[in-house]
Amino acid sequence: MTDQASAKDTEPLGPTASRLWRFMKPHRWGLLLSVIAFVLVASTEPLIPKLLGYALGEGFNAKSTNVAGFSIPGGAPAASAPAVAPAASTTAAASIASSAGVVAPSASAASSPSRPSLAEVNQNYSFPIWMVPIVLIGLFAVRGLFTFCGQYMLNWTISRTVMDIRTALLQVLLRADARVYTSLQPATAVTKVVNDPQHVVTLIAGALITILRDGLPALALMGFLFFINWKLTLLSLITVPGLAFVVRKVNRRVRRMGSWAYDAQLRLVSVIEDVTRAWRVVRSFDAADYERRRFAERAREVQRSTLKTAASNAMAQPLSQLMASVGISIIVSLALYQSRVNGTGVGEFASFVAALLFMSSRLRHLSDVMQPITNALVVARGCMGLLDTPPEPDTGTRELRDVRGDIALQQVTLRYPGANRDALAAMDLHIPAGRTTALVGSSGAGKSSVVNLLLGFERPDSGRILLDDVPIDELTKANLRRQFAVVSQDIVLFDLSIADNIAYAQERDDAKLEQVLRAAALWDFVQSLPEGLDTTVGANGSKLSGGQRQRLAIARALYKDAPVWIFDEATSALDTESERAVQQALEQWQGRKTLIVIAHRLSTIRRADCIQVLADGQVVESGDHDALMARDGVYAGMVKVQH
Ligand SMILES: Nc1ncnc2c1ncn2[C@@H]1O[C@H](COP(=O)(O)OP(=O)(O)O)[C@@H](O)[C@H]1O
Ligand SMILES: [Mg+2]
């Protein structure tokens, strides 16, 4: 299992950390305010026992008997007791009172001879009783306010940073090179963009707060230690390399196990994606058991890897404590030796050891902080790796207007990565403007590859592609794609309304919607729906039939006012009647649009101005139907087979 993560393990996490910081940096003031608030809350902590002690110490002793201004335990006169007793009735106050040596006065209350007025009672003391609730409640109110502000600012920072990371990741996805999508599973992308940033930033922010809350007192205690006995303190630093060694070792392990766990988790997610996306196939193959086993296998890997990560995490504390105990025992022995030899005072020794112990407990919290940070960075490395995805090259600068749609491929060769033969082999192809051109050929002949090239999703390995005599790589990608409306082989619909699917990312125009829906022979169907144009189509159009999905995609292409229309097997799922209706509608635009039709059913393209027959990535025949039939070649053979 270690070898699975070993390649990544050698990469340091430093670059990931600085990358993360770049996202947090704009919001650092939020983090700072939150830290200040938490430090303020922490600093009020000693105020409560102190105030209570003061209230009880001062409050029980009247000025008259307390000449020196110093409270004498048990010295309160019986007469003053009853009025103050309620203030001391809380358990906390009582315990502090008793620990401060104040004897609860209630026992002597009964012997009170006369009750003085409240004003008289207050007069005799250094502060009036009403101050007690005011100060206590005020203190808690202030603490509450700071706690709230601290939490709020922390979450403000977290949520903003997370939003920024997600936005950056989405930006990457929107610009990524087309080839990225052949290897990136949608569910993996969801995990990396949506879940991971939240997880990472929450862990890091929590760790930062701990560092500041425990780190500052630890530093103060360290200063105090130097002040008392700098020699011993310096000596205590000999344990630092040992601690650093332990932390390094543990972190390496956490990093390795964490990477493994992260990858295992992504593999698990992809099973869920398959099971939900292909649920029909799973059910129809009765593959529930098969999928359950596949899931169980990967779930077990996740379980084992997370357990190992947790075990590595859990090793950190005992190991670093062990190291610390070595240090502490050396120091205590040395200090004892020193005091026996030089006769240094017990008091100094005691305060030194106490401060040392306090510091080590603070440091223990700090040592717990390393693992969450390492874990967070491992996850961050996974999701931020997406930021390194190469963007689609978009080096063109020209923008064409009023494109006629004359297309030419000159000696174009295309080989997909990993393929052992060319998808297109030195292809020459001319598609004249304002005409209907059909591309036919057996599957795998390279028809869809031509479409991918025209839209700039793939780049030719050699050769030129011209649009209106301009090489398409001189055009900006946006301008190039504006010239094409494509109905691709696999229909993609959004989980939106019919209207939004057709007027996708464009202004909605109901008259135009009706026009294109009629052209796509879908208007009657849409009219029969209870919500008409506003009916949602379900995830990828799951509420529609295959033919309806195709017609919706055709309507979307028609809605986009592009000079070139491409239909890649766009009518394959239509019955002959709807297909004829679509064809007739398309004929209205004949002469005004350049139309590229790819079809298996040869009756569909019989009336095309020109038919290009493709085989093995080359054009083997071209001409209109009659010419090709007369030639009695490949095309004629295909027509005969279909009849
Ligand atoms: N993304 C890809 N990666 C590797 N090979 C591909 C890819 N897309 C298509 N091919 C291969 O390129 C050839 C042409 O495919 P395509 O243009 O889709 O054929 P069709 O004429 O059926 O539309 C096929 O042999 C196919 O296997
Ligand atoms: Mg195809």
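Every read-out reported here was derived from the displayed coordinates using simple, explicitly stated rules and does not represent laboratory data. Source: prediction; values computed, not measured. Every residue, glycine as well, gets a Cβ built from its backbone with ideal geometry; the counts of neighbours run over all protein chains shown.
Take each of the peptides 274-283, 482-491, average the number of other beta-carbon atoms within 10 Å over its residues, and list them starting from the highest. Could you put the intermediate results ahead of the total?
Numbers: 274-283: 13.1, 482-491: 18.9.
Answer by packing, highest mean first, reads 482-491, 274-283.
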> Tell me, what ³J(HN,Hα) does each residue in the stretch 539-548 have, in order and in whole Hz, if you take phi through Karplus 6.51 cos²θ - 1.76 cosθ + 1.60 with θ = phi - 60° and put x for Gly and Pro?
Replying inline: 4, 6, x, 5, 8, 10, 7, x, x, 5
> Under a 5 Å amide H to amide H cut-off, with H placed in plane at 1.01 Å, what residues pair with ILE566 once short-range neighbours are removed?
Replying inline: ALA485, VAL486, VAL487, ILE596
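Output the peptides 626-636, 502-512 sorted from most to least packed, where packing is the average of other Cβ atoms within 10 Å over each peptide's residues.
Working: 626-636: 14.8, 502-512: 13.3.
With the highest mean Cβ count within 10 Å placed first, the list reads 626-636, 502-512.
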> In whole Å, what three semi-axes, largest first, describe the equivalent ellipsoid of the stretch 407-642 built from its Cα gyration tensor (square root of 5 times each eigenvalue)?
Replying inline: 30, 21, 16
> So which of LYS560/LYS593; LYS512/LYS543; LYS512/LYS560 end up more than 21 Å apart by C-alpha?
Replying inline: LYS512/LYS543
> For the stretch 300-316, in order, what is each residue's ³J(HN,Hα) by Karplus, 6.51 cos²θ - 1.76 cosθ + 1.60 with θ = phi - 60°, in whole Hz (x at glycine and Pro)?
Replying inline: 5, 5, 4, 4, 5, 6, 5, 5, 5, 4, 4, 5, 5, 4, 6, 6, 4
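Just for the chain, what percent of DSSP beta bridges are antiparallel, to the closest 5? Kindly include the intermediate steps, with their values, before the conclusion.
Working: 19 of 38 bridges.
Counting DSSP beta bridges with both partners in the chain, the antiparallel share is about 50 percent.
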>> Show me, for the stretch 318-330, the HN-Hα J-couplings you get by feeding each phi into the Karplus relation (A = 6.51, B = -1.76, C = 1.60, θ = phi - 60°), rounded to Hz, glycine and proline as x.
In response: x, 5, 6, 5, 4, 4, 4, 5, 4, x, 5, 5, 4
>> Would you report the distance distribution of C-alpha pairs in the chain as whole percents per 10 angstrom bin, up to the bin with the largest distance?
In response: 3, 11, 14, 16, 14, 11, 9, 7, 6, 5, 3, 1, 0, 0
>> For a distance above 18 Å, tell me the whole-number percent of Cα pairs in the stretch 128-287 that qualify.
In response: 79
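If you take every DSSP beta bridge fully contained in the stretch 407-642, what fraction is antiparallel? Give it as a percent rounded to 5.
On the way: 18 of 36 bridges.
Around 50 percent of the beta bridges assigned by DSSP in the stretch 407-642 are antiparallel ones.
I need the Kirkwood Rh of the stretch 174-388: take the reciprocal of the average 1/r across all distinct C-alpha pairs and report it in angstrom.
On the way: mean 1/r = 0.0481 Å⁻¹.
Taking every pair of different Cα atoms in the stretch 174-388, averaging 1/r and inverting gives 20.8 Å.
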> How far apart, in nm, are two points set 7 Å out from the Cα along the Cα-to-Cβ line at GLN506 and at ARG464?
Replying inline: 3.1
>> Can you give me the Rg/Rh ratio for the stretch 184-265, using Cα atoms for both radii and the Kirkwood formula for Rh?
In response: 1.19
